[in-house]
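Input: a single structure, listed below in structure tokens.
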Amino acid sequence: QQQQQQQQNTDVSTSTSVVHSEDAMFGHDGLLRHVLLKSVASLSSTFMQRWNTTEVTGRENIEAALKRPRDQGLVTVCNHVAAMDDPLVMASLVPSHYFNQPSSLRWTLCATDRCFKYAGLSELFTAMKVLPVQRGAGM
């Protein structure tokens, strides 16, 4: 019985270490999320600032919202005509240092038939803080 208890303790500690290593890679501020968000933001910002004429009015409002208390939620909605509008607009609005802190950034939405159609894409978009929305499914 003592040997069985030791084996159970080993199983628990092993599964706990796997969870911690997965959190370090995919979790709240995991490496994958950090790299993906920073990369997309940098490319989007470059596109909007160097290859386009972009004028932002009211940037201080989004900055104030990002400084909210940690226990206060934030919902923003971008009405767009193309899938790239959301990252392009947000990269223009959000100061670049926030992309080093994925937990401070908001989640965004994408239709399940676009971003979550394949398992690999689902993991990628989830890592980039995108939530699936089923069009026409109601609330």
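The values are calculated or read from the model by the stated rules, or taken from the named source; none is laboratory data. Because the structure is predicted, anything quoted here is derived from the model rather than measured. Glycine gets a Cβ as well: all are built from the backbone with ideal geometry, and neighbour counts include every protein chain shown. Each accessible area value is taken on the protein alone, full model and side chains, heavy atoms only, with ligands, DNA and RNA left out. Shrake-Rupley method; radii C 1.70, N 1.55, O 1.52, S 1.80 Å.
Test residue 68 against the criterion of being basic (Lys, Arg), within 21 Å of residue 29 (Cβ to Cβ) and free of Cβ contacts under 8 Å to residues at least 12 places away in the same chain, and give yes or no. So residue 68 passes the test.
Of all residues in segment 32-65, count the ones that are open to solvent by less than 100 Å² (accessible area, probe 1.4 Å), without any contact (Cβ under 8 Å) to a residue 12 or more places away in the chain and within 25 Å of residue 124 (Cβ to Cβ). The qualifying residues number 3. Going through (1) open to solvent by 60 Å² or more (accessible area, probe 1.4 Å); (2) at pLDDT 80 or above one by one, residue 79 falls short only on (2). Taking every residue in segment 96-123 that is within 22 Å of residue 71 (Cβ to Cβ) and pairing it with any residue that is of a type in the set (Asp, Glu) and not in a helix (DSSP H, G or I), at least 6 positions away or on another chain, the pairs with Cβ-Cβ distances below 6 Å are 102/29; 103/29. Somewhere in segment 127-135, is a residue open to solvent by 90 Å² or more (accessible area, probe 1.4 Å) and in a helix (DSSP H, G or I)? Checked segment 127-135: no residue is open to solvent by 90 Å² or more (accessible area, probe 1.4 Å) and in a helix (DSSP H, G or I).
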